[in-house]
Amino acid sequence: MDENRGVILIVDDIPTNLEVLMEFLESSGYRVRVATEGESALEQIEYAPPDIILLDVMMPGMDGFETCQRLKENPVTRDIPVIFMTALSDTVDKVRGFELGAADYVTKPLHKEEVVARVNAHLVLHRQKQEIERLRQQDRLYYEKLSQIKDDILSTASHDLKNPLAGIMATVYLLGQHLPQEDKKGRQYLENLQYDANRMYDLITNLLDLARLETGMALERHPISLRKLLEKNISDVAPAARRKNIRLKVDDLPDETVTVNCDADRFSQVLQNLLSNAIKYTPEGGEVEVNAEVGRGEVWVKVADTGIGIPEEDLPRLFDKFYRVNTRQHMAVPGTGLGLSIVKEIIEQHGGRIWVDSEPEVGSTFAVALPYP
């Protein structure tokens, strides 16, 4: 006998039925246990759960329906497949059994081939479910461990990387204050050091930001005037635009009564990124236009520029982490390759979407849509 085939508990109050079932199930390689009424079956199952239960419906005292109900109410036994054995042909009784959680029915008089086939099928299904659940539990434990590692890295990066780097940046600034103006070579070294330190600081900040977003950091959403939010962020980037003689054109903003339910700080981060990029990638004397409009179920914000544009083959990967357009003009602009990834994550966490239209040497338009109202 193959002892790995499975353990079957037969619950039936008629000895003849038990003998017949035991004979052909054991001959098919199963280990068989028996109980003659519902109460003793429940006690036995609690102590040593079988792989599957063949349960007679018509028994004195606690019948098969009540026994099945008690099994399914118990967290220890509720997942064990139950196959009812019955002489009843009434559909109502079969429906009642399925409603109680039965896996199947076999009708008396029993036929060996049918019983073995049904037992085998449900054992296979049960073991597949157990394996799936085991893998799910493994995955849960694995991702919990990864999440903990990620939290540890975030904590370390926050304190052990950002803080010393901030100290280095402060020291570089102080050195610049004390270095003689005529030491041009020394000042050039300091400028290079300051530039690299700033880049590293931006990279660490963006990595931490993206990691927090990807681990499901809660958004602080409140209704806020879209017009006021846009005007504030446009005002913040205006000095950078003036330095490059770039015209900031603001057109078609909604009135102040139009509100969006968003995290104001995070959505400002989106606007700052899009506006700053538009200015950085637009040559001197160009134009950046901002407009917004309310549509059916959405509000749209668009930032358009007359900049260097993006090649068509780069558009599908533009929001990927660390991806940068590999042209001489694009690589000449400092960046971490994480800004647009952060923007996309923020917008999607708001239930919105972002897309871009662009043409090299003509310009780009980034558009954001958020649910409205």
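The values are calculated or read from the model by the stated rules, or taken from the named source; none is laboratory data. Values in this document were obtained by computation on a predicted structure and should not be read as measured data. Because the Cβ atoms are built from the backbone with ideal geometry, glycine has one as well, and the counts that use them run over all protein chains shown. Note: accessible area is taken over every heavy atom of the protein model, side chains too, but ligands, DNA and RNA are not part of it. Shrake-Rupley method; radii C 1.70, N 1.55, O 1.52, S 1.80 Å.
In the stretch 49-87, which residue that is assigned to a loop (DSSP other than H, G, I, E, B) and touching a strand residue (DSSP E or B) at 6+ places or on another chain (Cβ under 8 Å) is farthest from ALA103 (Cα to Cα)?
If we take residues in the stretch 49-87 being assigned to a loop (DSSP other than H, G, I, E, B) and touching a strand residue (DSSP E or B) at 6+ places or on another chain (Cβ under 8 Å), then MET59 is farthest from ALA103 (Cα to Cα).
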Report summary line: Reported set for the stretch 269-282 where residues are hydroxyl-bearing (Ser, Thr, Tyr) and open to solvent by less than 50 Å² (accessible area, probe 1.4 Å) is SER276, THR282
Report summary line: Checked VAL116, VAL124, VAL92 against criteria (surrounded by 16 or more Cβ atoms within 10 Å (Cβ to Cβ), in a helix (DSSP H, G or I), of a type in the set (A, V, I, L, M, F, W, C) and out of contact with any strand residue (DSSP E or B) (no Cβ under 7 Å at 6 or more places or on another chain)); the one match is VAL116
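Are there strands (runs of 3 or more DSSP E) fully within the stretch 225-315 with at least 1 residues that are within 24 Å of GLN329 (Cα to Cα)? List them.
The strands (runs of 3 or more DSSP E) meeting that bar are 247-250, 287-294, 298-305.
Pick from ILE8, ILE53, ILE45: which is more than 20 Å from ARG118 (Cα to Cα) and of a type in the set (Val, Ile, Thr)?
Being more than 20 Å from ARG118 (Cα to Cα) and of a type in the set (Val, Ile, Thr) holds for just one of ILE8, ILE53, ILE45, which is ILE45.
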Report summary line: For the stretch 294-330, the count of residues that are of a type in the set (Asp, Glu), over 17 Å from ILE347 (Cα atoms) and surrounded by 14 or more Cβ atoms within 10 Å (Cβ to Cβ) equals 2
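Hey, any hits in the stretch 33-52 for a residue that's of a type in the set (Asp, Glu), over 18 Å from ARG78 (Cα atoms) and either exposed (fewer than 15 other Cβ atoms within 10 Å of the Cβ) or touching a residue at least 12 places away in the same chain (Cβ under 8 Å) (or both)?
Here is the first cut: in the stretch 33-52, the residues of a type in the set (Asp, Glu) are 37, 39, 43, 46, 51.
Add one more test, that the residue is over 18 Å from ARG78 (Cα atoms), and what stays is 37.
Filter again for either exposed (fewer than 15 other Cβ atoms within 10 Å of the Cβ) or touching a residue at least 12 places away in the same chain (Cβ under 8 Å) (or both), leaving 37.
Yes, the stretch 33-52 contains a residue that is of a type in the set (Asp, Glu), over 18 Å from ARG78 (Cα atoms) and either exposed (fewer than 15 other Cβ atoms within 10 Å of the Cβ) or touching a residue at least 12 places away in the same chain (Cβ under 8 Å) (or both).
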Query raised in the report: Considering only the stretch 166-211, how many residues are farther than 30 Å from LEU146 by Cβ, in a helix (DSSP H, G or I) and aliphatic (A, V, I, L, M)?
Result: 9
Report task. Could you please find all residues in the stretch 1-33 being under 48 Å from the mean Cα position of the chain (by Cα) and closer than 24 Å to ASP93 by Cα? Result -> ILE8, LEU9, ILE10, VAL11
Query raised in the report: Quick check: anything in the stretch 247-268 of a type in the set (Val, Ile, Thr) and open to solvent by 90 Å² or more (accessible area, probe 1.4 Å)?
Result: yes
Report summary line: Within the stretch 95-104, of all residues that are in contact with a Phe, Trp or Tyr (Cβ under 7 Å, 6 or more places away or on another chain) and surrounded by 18 or more Cβ atoms within 10 Å (Cβ to Cβ), the one modelled with the lowest pLDDT is GLY97
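Being within 26 Å of VAL288 (Cα to Cα), within 24 Å of the chain's Cα centre (by Cα) and surrounded by 12 or more Cβ atoms within 10 Å (Cβ to Cβ), is that true of even one residue in the stretch 233-244?
No: the stretch 233-244 contains no residue that is within 26 Å of VAL288 (Cα to Cα), within 24 Å of the chain's Cα centre (by Cα) and surrounded by 12 or more Cβ atoms within 10 Å (Cβ to Cβ).
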